[in-house]
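Trainee: Sharing a structure below in structure tokens format, with a few things to ask.
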Amino acid sequence: MQRTEPGGERKLRVGIACNIRQKTKPGGRRKTLPDEEAEFDEPETVEAIRQALLNSGYDPFVLEASADFQEKVRAQKPDIVFNIAEGISGRDREAQIPAILSYMGIPYTGSDTSALAVSLDKHLTKEIAASCGVLTPASFVVKAGSNIRAGKIHFPVIVKPNAEGSSKGIGDHSVARNMEELKKKIAEDMSSYREDLLVEEYVDGREFTVGLLGNGKNTKVFPPMEIIFRKKKNDRKHPWNIYSFGVKQNYREYIDYQCPADIPSGISKRMMQDAKKIYDAMGCLDFARMDFRLSADNRVCFIEANPLPGLAPGYSDYPMLAEFNGISYGSLVPEILSAALKRYQMKADGKKRSGKPASGKISGMDPEWGDWKWQYRNRIRTVGELSEIIPLMEKEKRDISGCLEKFRMAITPYYASLIRPDDPHDPIRMQAVPSEEEMTVTPGEMADPLNEEAQSPAPNIVKRYPDRVLFLVTRCCAMYCRHCTRRRLVGEEDHAIGKREIDAAISYIAGEREIRDVLISGGDPLTLSDEKLEYILSGLRKIPHVEIIRIGTRVPCTMPQRITPELVGMLKKYQPLWINTHFNHPRELTADAVKACGRIVDAGIPLGNQSVLLKGVNDDARIMKKLLLGLVKARIRPYYLYQCDMSEGLEHFRTDVRTGIDIIRKLTGSISGFAVPKFVIDAPGGGGKVPVNPDYIVSLDDHKVVMKNYLGKTYEYPNRNTEKKRREKK
């Protein structure tokens, strides 16, 4: 049953344990309740998980959690099981499949039997949360045939099946405002669900959920996502905002999602801390979700734990949380698996890890980590160095070695530390690590797609527009991006122009009086020393007709340690000076990067950002929105969004142009106008930047303009010629 790559590497066999939702029960009997299989998964969800694992180099297959599950496992022989199964029946059902796997000695993703059995008991989970100092609404359990003992509980209350997930048995009808309504509700639910019921004080407030991914100190806690009720059901008797099974099924009608939530940072931090406390106290593993309500007086109230959250793409809360935080579905599933593999000390081929620690280069523990010169000296340049931080199969090593014969690699330890090593589709990795796809040159691709060499009137100068020039001062970068337009030059050799070449270029600019704007680029100008950079800036500033100096750099993103107080102190002497940087993904906006950008802005230097639209990295409106809002929050103005240029070997990064137009259309109106960049194509052959944006004009004549707004609604605006014709008639 073992599957291998052509080069002989064995693929990890991953069984997907699941319960697939059926329209009828076995034997043809119809389901009796609309939410009877609410916790089960649609076939599309199972296929999405299988595809994500397949694309990440695994050998996935489905193991449906039926009565003969053990026999299926014996026959299929998985190395590890990706568990999303709800089990067969009973209050311990979520623990049944993990129990079988534990008994058989087979590793699996997610929480163990203890955490899953406990979490399905809502009341017990609340007691664990309370023991950790986490606030949770007062509650009690009603058993079949027992009397209601409400004690000090206050109305209104909400009634829930005590051992169900996915909002089963919960809706507006679940809230009782007095004892009479409570008794009636308990009788109804006892008849329908035949199990203990939880009666809990209803928190009339806002609803939030917090996602967690990973284990121990490496656990990522996502900021709270708010479930915003934008449309209430037309029922005066039940005016409650309940995130019910029915609402989830029709979430596009009733719900908006916002992450990070619009709440004070202290409340957000409290939710995240409480979520982590409960995650640890319950012994959750690999991934989970914790639900909260925020009362009108800003009390953070824990509601329930979900150590087996739904993974339906585009529907379940947990994948939405991940996407809001820059993790695509194709990356999320392998990352959950990776967390389990690390727990079991397993490699991607199913073998035990040697226990070798990650390369010290990216550990952040080196005393010189904060020194930009150390970062530059210690860039990862070889396949051997790369394999110390990213698990590579032999075929991958050969492919990368082949690519390096044409295009060099250099990754700063800082940027390498952002890579998720076990995810081949990680958007950070894709920008930094060579791929065999770079060796494929497709029709239309060129070494110099922007025709810069033909538009160079002097060495190291490119002049495409009448009043400005591009001044290429170096071929060096902190990191050689895999999508680089100037890959024909940058990375070919570590070379910065000398004093004689600098003087010749400045002399040319001084002799061309129409030049008022100089863009210093390369390579990356900020890889130069402060002294050499100042020599260039001072020479340009002496030219009377040069009004504006700009610097294009990716250093704040790839090596933020370079932005020192000494550097910005020197730069601010040569105002007016503008800097454009280059962030492509929200995960690049780390605390270090934001701090570096803050130093530039605090020095009075305007800071803009130019992103490149890259397939698999940021070709999604939600990811782009998170990036743009993060940039604005960091005081960086989004400037351009480029269609990927026609440089050789970049076909795998290039999207359909309509993708970029659609992203801009979705962003327009949903975020502030100044946060939306201009989508442009740098015309092949040196034609310059051409804006390519959604067309909102329906028709235009001498009388009126008919246009559509960002919501698709049509409006009319009188054209100026209308007034002119009225005057003529008079």
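No value in this document is a laboratory result; all are computed from the given coordinates. Since we're looking at a predicted model, the values are computed, not measured. No Cβ is skipped: glycine too gets one built from the backbone with ideal geometry, and neighbour counts run over all protein chains shown.
Trainee: Quick check on the stretch 543-690: what does the Kirkwood estimate of hydrodynamic radius come out to from the alpha carbon pairs, in Å?
Mentor: Working: mean 1/r = 0.0618 Å⁻¹.
Result for the stretch 543-690, one decimal place: 16.2 Å.
Trainee: Where the centre of each part is set by its Cα atoms, how far does the stretch 39-91 sit from the stretch 560-639, in angstrom?
Mentor: So the separation of the two Cα centres works out to 43 Å.
Trainee: What full-extension length gain, to one decimal in nm, is calculated for ILE671 and VAL705 as 0.36 nm per residue of separation minus the Cα-Cα distance?
Mentor: Values: separation 34, 0.36 × 34 = 12.24 nm, distance 2.48 nm.
Answer, rounded to one decimal: 9.8 nm.
Trainee: Find how much the distance from VAL698 to SER102 grows on full extension, using 0.36 nm per residue of separation minus their present alpha carbon separation; answer in nm with one decimal. List each step's numbers first, then the result.
Mentor: Values: separation 596, 0.36 × 596 = 214.56 nm, distance 6.29 nm.
Contour length minus Cα-Cα distance gives 208.3 nm.
Trainee: Ranked from highest to lowest mean number of other Cβ atoms within 10 Å per residue, what is the order of the peptides 311-318, 434-441, 183-190?
Mentor: Numbers: 311-318: 19.5, 434-441: 17.0, 183-190: 15.5.
Per-residue mean Cβ counts within 10 Å order the peptides as 311-318, 434-441, 183-190.
Trainee: Roughly speaking, what is the centre-to-centre gap between the stretch 259-293 and the stretch 318-334 when only Cα atoms are used, to the nearest Å?
Mentor: That distance is 17 Å.
Trainee: Restricting to DSSP H runs of at least four residues, report the calculated mean residue ellipticity at 222 nm for the chain, -39500 (n - 2.57) per run over all residues, nearest 500 deg cm²/dmol. Spell out each step's value before the answer.
Mentor: Numbers: 24 runs with 226 residues, N = 730.
Roughly -9000 deg cm²/dmol at 222 nm, from the helical runs in the chain.
Trainee: Follow-up. Which order, highest average first, do 695-703, 322-330, 555-563 follow once you tally other Cβ atoms within 10 Å for each residue and take the mean per peptide? Could you put the intermediate results ahead of the total?
Mentor: Numbers: 695-703: 10.8, 322-330: 21.8, 555-563: 26.1.
Going by the mean number of other Cβ atoms within 10 Å, highest first, we get 555-563, 322-330, 695-703.
Trainee: A further question follows. Once Cα Rg over 2.2 N^0.38 Å is worked out from the coordinates, which option in (i) 1.14; (ii) 2.55; (iii) 1.10 does it equal?
Mentor: The calculated read-out lines up with (iii).
Trainee: If each residue of separation counts as 0.36 nm, what is the full-extension length gain between TYR717 and TYR315 once their alpha-carbon separation is subtracted? Kindly include the intermediate steps, with their values, before the conclusion.
Mentor: Values: separation 402, 0.36 × 402 = 144.72 nm, distance 3.92 nm.
Difference between extended and current length: 140.8 nm.
Trainee: Can you tell me the 0 to 90 degree angle between the C-alpha axis of helix 657-667 and the longest principal axis of the chain, rounded to 10?
Mentor: 60
Trainee: Sticking with this one: Please tell me the relative contact order of the stretch 254-341 in percent, rounded to the nearest whole number, where contacts are Cα pairs under 8 Å and at least six residues apart. Kindly include the intermediate steps, with their values, before the conclusion.
Mentor: On the way: 74 pairs, mean separation 18.6, N = 88.
Worked out over the stretch 254-341, it gives 21 percent.
Trainee: For every other residue with a beta carbon closer than 13 angstrom to the beta carbon of ILE663, add +1 if it is Lys or Arg and -1 if Asp or Glu, then tell me the sum. List each step's numbers first, then the result.
Mentor: On the way: positive: LYS615, ARG622, LYS625, LYS626, ARG658, ARG665, LYS666, LYS678; negative: ASP619, ASP620, ASP656, ASP662.
Taking every other residue near ILE663 into account, the sum is +4.
Trainee: Right, next: Taking only Cα atoms, what is the 0 to 90° angle, nearest 10, from helix 122-131's long axis to the longest principal axis of the chain?
Mentor: The helix 122-131 is inclined about 60 degrees to the chain.
Trainee: Please compute the contact order of the chain in relative form: average sequence separation of alpha-carbon pairs under 8 Å and at least six residues apart, divided by the residue count, as a percent.
Mentor: Details: 1371 pairs, mean separation 63.9, N = 730.
Relative CO of the chain lands at 9 percent.
Trainee: Considering only the other residues whose Cβ falls under 11 Å of the Cβ of ASP196, what net charge follows from Lys and Arg at +1 and Asp and Glu at -1?
Mentor: Working: positive: ARG91, LYS122, LYS143, LYS160, ARG194; negative: ASP121, GLU164, ASP189, GLU195.
In short, +1.
Trainee: Does the stretch 514-555 classify as rounded, prolate or oblate by the C-alpha gyration tensor (a ≥ b ≥ c root eigenvalues; a/c under 1.5 gives rounded; else a/b over b/c gives prolate, otherwise oblate)? Numbers along the way, then the final one.
Mentor: On the way: a/c = 3.34, a/b = 1.53, b/c = 2.18.
Since a/c reaches 1.5 but b/c is at least a/b, the shape of the stretch 514-555 is classed as oblate.
Trainee: Using only Cα atoms and rounding to the nearest 10 degrees, what angle (0 to 90) does helix 530-541 make with the longest principal axis of the chain?
Mentor: Approximately 60 degrees, to the nearest 10.
Trainee: Suppose R0 equals 30 Å; then what is the FRET efficiency for GLU531 and ARG635 from their Cβ-Cβ distance, rounded to the nearest 0.05?
Mentor: Numbers: r = 28 Å, r/R0 = 0.94.
So, using R0 = 30 Å, E works out to roughly 0.60.
Trainee: Can you tell me which of 409-422, 114-127 comes out highest on packing, and rank the rest after it, using the mean Cβ neighbours within 10 Å?
Mentor: Working: 409-422: 22.5, 114-127: 20.8.
Going by the mean number of other Cβ atoms within 10 Å, highest first, we get 409-422, 114-127.
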